[in-house]
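Every number here is computed from the coordinates shown, using simple stated rules; none is lab data. Computed from a prediction, not measured in an experiment: that's the story for all the values here. Quick reminder, even Gly has a Cβ in these numbers, built from the backbone with ideal geometry, and neighbours come from all protein chains shown.
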């Protein structure tokens, strides 16, 4: 096999075809997957700036960013999975599952909270592996497999919590070993020019940056696009399709664990019934951000912008003094608009 | 890239070299169904072997055996004169036998250069070993240009290329990654006249560069334009095995269409046979 040996990589320069004019910058920008979301985010930002005076304050921005971050960390994993051509409907309850597991394992086995968190991570990854393994083995659409695991996890969350603690929430753990350091890592707020910003915002940005780098600058990223775009072709050229997809399910599980730890260390007790319905928010953020539902197309930055739109809408409606009940209507309308706009952008891109 | 074999051959009907790939009395049965029987075939470097046959003649089974997807149930498969049995397509690839299937194994939404290197990406030599995107872009362009394909933009999704261009990218990819023998599964089947011309030109270029090409088709005109050697399959058996000089296009077409049947058809349709 001749590979690197034959390559003339000395110049590292792109050879340009003289017949093709360099596509201008504006056009290149416009056809990026997250462009629709970015324009939408700017529009919504301006609207709330106008109609909601409290929205203009720096502290409000910190709140918006916080709301965006907990959705955004998950949206990052869900977006990668969606680019890889699969779905995870169990992502919402998986968050609750992780924090319940960490709390109850640590409390009832008298472990440090970090040990509980470690065990919860193992459990979460096992659930992710289970999802991915079943999807790949049975070839049943991930929608159905993860719908089943969604209900199973939701049931486990409620039943096991009641069985172990006799209540619908876990015990308080803020006097246990590892609380202070855990809170510092997952939930503390730091001061930026007099405004308290939650550390999850930084984690969110880091997750997005790493995911973006992986997607576009590594082999794994290339494979993620390939397995989502055409799994059979990918397999034919030697991409380990099964491993990539199971890995993506496990990455979503990792994100769920991370957000779960934030819930635990932020709120001390965890309600066993929460998290149901959140999976749709993650999917909405990814789709608004330009991920194609059928896979093979999208970006992590888009998902982050989608999550930011979610955060703005969530808080902005309150700041504007509107009835918060309108939030869901707004979210639905936003999704519809984004899907249509993204579709239009993509068709425009395909014609270029 | 192309190792021309030097050892003399005892009973070679064409050329004096050991064929890159040779099939001796190969047969394949699926349960109680005989898909192939007694197939003899030689693929030499710098030659195009056209395999012709109508639907169901056994062309696909034959490719699957040569490309390592299936194993023959009878006979010998020789690579460079040595008897071999491929266990997987990876085995065949390792011996330099690359197959370009009809679906081409490309991911439509991905850029041309990402498709070209998919599964065998180049990485930078220093930490963090990210993809060498510009190196891959440049290589894709030069490799395609070498074979006379001018692509305006290797960043375009491969789905936006024409069928012929896509076929050429898939072939160029196989060539670049060390193939000596190219198996092309009906590369012109879904293409128009002009696009087929592009692919046929490419096949000739590959042949002149010293590759052994197996060109599977059901179009005798295309086969006759580039082939040096023809094998005709019919209902799992080899009906014809001859070189370019031994046969005319009319004869080939007639053989392919089942000879007498075509004349009968001509008669029925009330036109004078050409």
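Could we say that residue A:215 is within 14 Å of chain B (Cβ to nearest Cβ), surrounded by 18 or more Cβ atoms within 10 Å (Cβ to Cβ) and assigned to a helix (DSSP H, G or I) here?
The answer is yes for residue A:215.
Would you check which residues across segment B:94-139 are closer than 21 Å to residue B:212 by Cα, surrounded by fewer than 18 Cβ atoms within 10 Å (Cβ to Cβ) and more than 8 Å from chain A (Cβ to nearest Cβ) and list them?
B:102
When segment A:260-294 is examined, which residues are found to be crowded, with 24+ Cβ neighbours inside 10 Å, under 21 Å from residue A:146 (Cα atoms) and within 14 Å of another protein chain (Cβ to nearest Cβ)?
Selection gives A:291 alone.
Give just the number: which of (1) within 13 Å of chain A (Cβ to nearest Cβ); (2) part of a loop (DSSP other than H, G, I, E, B); (3) in contact with a strand residue (DSSP E or B) (Cβ under 7 Å, 6 or more places away or on another chain); (4) at negative phi does residue B:151 not satisfy?
Unmet condition: (3).
With the condition kept exactly as written, say whether any residue in segment B:220-233 is in contact (Cβ under 8 Å) with a residue 12 or more places away in the chain, farther than 22 Å from residue B:197 by Cβ and in contact with a helix residue (DSSP H, G or I) (Cβ under 7 Å, 6 or more places away or on another chain).
Taking every residue of segment B:220-233 in turn, at least one turns out to be in contact (Cβ under 8 Å) with a residue 12 or more places away in the chain, farther than 22 Å from residue B:197 by Cβ and in contact with a helix residue (DSSP H, G or I) (Cβ under 7 Å, 6 or more places away or on another chain).
Return the residues of segment A:295-309 that are surrounded by 24 or more Cβ atoms within 10 Å (Cβ to Cβ), farther than 15 Å from residue A:87 by Cβ and away from chain B (no Cβ under 14 Å); say none if nothing qualifies.
A:300, A:302, A:304, A:305, A:306, A:307, A:308, A:309
Which ones in segment B:54-81 are out of contact with any helix residue (DSSP H, G or I) (no Cβ under 8 Å at 6 or more places or on another chain) and part of a loop (DSSP other than H, G, I, E, B)?
If the condition is that a residue be out of contact with any helix residue (DSSP H, G or I) (no Cβ under 8 Å at 6 or more places or on another chain) and part of a loop (DSSP other than H, G, I, E, B), then B:55, B:56, B:57, B:58, B:73, B:80, B:81 are the ones that fit.
Residues of segment A:138-189 being under 21 Å from residue A:276 (Cα atoms) and in contact with a strand residue (DSSP E or B) (Cβ under 9 Å, 6 or more places away or on another chain), which ones?
A:161, A:168, A:169, A:170
Tally up the residues in segment B:23-53 that are out of contact with any helix residue (DSSP H, G or I) (no Cβ under 7 Å at 6 or more places or on another chain) and under 26 Å from residue B:245 (Cβ atoms), please.
11
Given the conditions (1) facing another protein chain (nearest Cβ under 9 Å); (2) outside any loop (DSSP other than H, G, I, E, B); (3) free of Cβ contacts under 8 Å to residues at least 24 places away in the same chain, and given that residue B:91 satisfies all but one, which numbered condition is not satisfied?
Failing condition for residue B:91: (1).
In segment A:230-239, is there at least one residue being buried (at least 24 other Cβ atoms within 10 Å of the Cβ), over 13 Å from the mean Cα position of the chain (by Cα) and closer than 26 Å to residue A:157 by Cβ?
no
Where residues in segment B:168-182 are in a helix (DSSP H, G or I) and within 14 Å of another protein chain (Cβ to nearest Cβ), which of them is surrounded by the fewest Cβ atoms within 10 Å (Cβ to Cβ)?
Per the stated criteria, the residue is B:172.
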